[in-house]
Amino acid sequence: MKTLYFAAIAGVLGVSNAQVIQGNYTGPLRPQVHFSPPQFFMNDPNGCFLDANGTWHLYYQYNPTDIVIGNQHWGHATSKDLYHWENQPIAIFPPDNSSQVFTGSAVIDVNNTSGFFPDQDNGIVAIYTLNTPTKEIQAISFSRDGGFTFTAFEGNPVIDSTTTNFRDPKVIRFQDNWVMAVAFSTDLVIAIYTSPDLKNWTHASNFTHPDVGALFECPNLVELPVDGSDETKFALTISTNPGPNDGTVMKYIVGDFNGTHFTPDPTDDVVRVVDAIKDSYAGQYFYGVPDGEAVFIAWATNGDYASDLPTASEGWRSSQTLPRRNSLVNIPGQGWDLVSFPFDLSPVLGNQLADTASVVNDSLSVDYSNVESNAIYFEANITGLSSASSSLFNFTFSSKTSGESVSGSYQFADNTFVLDRNNTRGFDNKAFENPSRFNVSKPLDTDGALSISALIDRSIIEVFLNRGELSGTMLFYPTEPLSIFSISTEAIPQDAEVLVSVWGLESVWV
Ligand code: FRU
């Protein structure tokens, strides 16, 4: 009987400690410069940190035994540049057959505040939610080998509870304390706790806001640089629903943090969305990034259809977004705006397919079927536009064979950005199809100039206006690869300039 029982557990978990799960990254939908798991189902980024040797660690919510959510572990990958990832063995396993390891964060305990690391300054502590049948509680595990293998703290949980909706601790260092933001998800509260040693936590405050949404998950309390100044501001991000395009969405509020309380900026107490389209959720900021830089990555999908994505036919589900650098700008008349732009893309840029081509009231077409990755990046810089211009900027990626396409446009007269996946047919899902054309109206700090850039990677596109003042992530599933890129502009004043550069991207996987 006993033997049978243990065989059953092994069958459920199906993975052993030291094993790197192998992946086949060649499927036509599989992104080539984004991180996706070797096999099975991935969701939230977890425990993101940069170590002192310059290695980025990405952990992630991972079901290593099925293509839908469940049996949650922490998968792990490492990278020197945030693009070339090396899959590592699973880092954190559930402590028993009825618990799951949910979302959380990781810190480097340089000064051994926890006491776990008597002889080292590179000890890692992971702080995460244990989801059990009766409650969600916060637990910690420590790693003495730089984040590859973890041991659960014997004194777990470090924060007990009586509720099944208490999750996603994100810990930062603030002055001489550890500070945790954690969600009481259905109470619509982000609680702040403080600790001297990562083991003993004291409740410090509760934050709520009426304009966030119907569920609170995956908070980040993050200090962001303010562009063009030496200042910083705090932001509280909360993943929630519904978003402006239905489904799940990540939002943020800008304000101040005094060590115990987060207070929205009294002059601009507005809840805004992190990503303007539909496919970015549960994002997290990396711990340990020097010089006050804020580096961010998110789960690139929507809760409405994440467990139904057609990539199951290739044996995997979900990628992360591109790594992004985040900062804030204050746009006159608009208020705070989160700027989110890809982290240095040079490690993946390949051959240039167009070099500052001029596209004034004209069009440019680039056939990228010879780019092996089937992934490209473009930047368009538009200058000399009068503010009330009726100019229009269009771009399209289309398939030579199936006639499918993904397209976008920017209408200067009313600051309207559109991104459209309606003309793709590879995913039959109501929530995915409705809406499938996203309309975003948002004044930008244009001053007669605008930049538009986008990275398209087989089944995901990320678009950036004004170097990330507006950013949008959209999944799409064509039945045939898209391989023709075209840009056109209309009603551009004669003295204006539109310069377009296009690069093929080098696969990081094959
Ligand atoms: C967000 C989330 C978290 C939770 C995790 C479970 O996508 O629901 O709140 O910790 O996923 O996998």
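Could you list, in their original order, any pairs among Lys135/Lys170; Lys135/Lys233; Lys278/Lys400; Lys135/Lys199; Lys80/Lys430 whose Cα atoms are separated by more than 29 Å?
Lys135/Lys233; Lys80/Lys430
So if I take the centroid of the Cα atoms in region 231-249 and the same for region 453-510, what is the distance between those two points in Å?
With region 231-249 and region 453-510 each reduced to a Cα centre, they are spaced 24 Å.
Rounded to a whole number, what is D in µm²/s for the chain from Stokes-Einstein with the Kirkwood radius over alpha-carbon pairs (4 °C, 1.567 mPa s)?
Details: Rh = 23.4 Å.
In µm²/s, the coefficient is 55.
For Asp145, Asp109, what's the fewest-to-most ordering of other Cβ within 10 Å of each Cβ?
Asp145, Asp109
Against the longest principal axis of the chain, how steep is helix 2-13, in degrees 0 to 90 to the nearest 10, with axes from Cα atoms?
20
Which order results if Thr129, Thr479 are arranged by neighbouring Cβ count within 10 Å, fewest first?
Final ranking by Cβ density, sparse to dense: Thr479, Thr129.
Separation of region 269-324 and region 401-446 by C-alpha centroid, Å?
Taking the Cα centre of each part, region 269-324 and region 401-446 sit 19 Å apart.
How would Cys218, Cys48 line up from fewest to most surrounding beta-carbon atoms within 10 angstrom?
Going from least to most buried by this count: Cys48, Cys218.
With r as the distance between the Cβ atoms of Gln19 and Gln334 and R0 = 45 Å, compute the FRET efficiency 1/(1 + (r/R0)^6) and round to 0.05.
Once the sixth-power term is evaluated, E becomes 0.35.
Using a ≥ b ≥ c from the Cα gyration tensor of region 42-129 (square roots of the eigenvalues), is it rounded, prolate or oblate, where a/c under 1.5 gives rounded and otherwise the larger of a/b and b/c decides, a/b for prolate?
Because a/c hits 1.5 or more and a/b fails to exceed b/c, region 42-129 counts as oblate.
Taking the Cβ of Ile124 as the centre, find all other residues whose Cβ is under 12 Å away and add up their charges (Lys, Arg: +1; Asp, Glu: -1).
-3
Over region 443-485, what relative contact order in percent results from Cα pairs under 8 Å that are six or more residues apart?
Relative CO of region 443-485 lands at 31 percent.
If you take the square roots of the eigenvalues of the alpha-carbon gyration tensor of region 411-501 and sort them as a ≥ b ≥ c, do you get rounded (a/c under 1.5), prolate (a/b over b/c) or oblate?
prolate
Modelled label-to-label distance, Asp230 and Thr416, 7 Å Cα→beta-carbon offset: nm?
Inter-label distance under the simple model: 4.5 nm.
Give the distance, in whole Å, between the Cα centre of region 30-89 and the Cα centre of region 125-168.
Each part reduced to its Cα centre gives a spacing of 19 Å.
At a 10 angstrom cut-off on C-beta neighbours, averaged per residue, how do the peptides 149-160, 248-259, 78-89 rank from highest to lowest? If you can, show how the numbers build up before the last one.
On the way: 149-160: 15.9, 248-259: 20.0, 78-89: 17.4.
By packing density, highest mean first, the sequence is 248-259, 78-89, 149-160.
Using θ = phi - 60° and the Karplus curve 6.51 cos²θ - 1.76 cosθ + 1.60, what whole-Hz ³J(HN,Hα) does each residue of region 319-325 get, with Gly and Pro shown as x?
The phi angles translate into 10, 8, 5, 4, x, 10, 8 Hz.
Using 1/(1 + (r/R0)^6) with R0 = 35 angstrom and r between the beta carbons of Asp66 and Glu154, what's the FRET efficiency to the nearest 0.05?
0.70
Gain in length, Thr267 to Gln175, computed as 0.36 nm per residue apart minus the alpha-carbon separation, to one decimal in nm?
30.5 nm
How high is the FRET efficiency between Asp96 and Gln352 when r is their beta carbon distance and R₀ equals 51 Å, given to the nearest 0.05? Mind showing how you got there, number by number?
On the way: r = 54 Å, r/R0 = 1.06.
After rounding to 0.05, the efficiency reads 0.40.
Report, by chain and number, residues whose modeled amide H sits under 5 Å from the one on Phe207, excluding near sequence neighbours (fewer than 5 apart, same chain).
Placed amide hydrogens put Ile190, Ala191, Ile192 under 5 Å from Phe207.
Can you bin region 356-460 into rounded, prolate or oblate? Criterion: square roots of the alpha carbon gyration tensor eigenvalues sorted a ≥ b ≥ c, rounded for a/c under 1.5, prolate for a/b above b/c, oblate for the rest.
Oblate shape, in that a/c is at least 1.5 and b/c is the bigger or equal ratio.
Every read-out reported here was derived from the displayed coordinates using simple, explicitly stated rules and does not represent laboratory data. Model, not experiment: these values are computed from the prediction. Here Cβ is always computed from backbone atoms with ideal geometry, including for glycine, and neighbour counts include all displayed protein chains.
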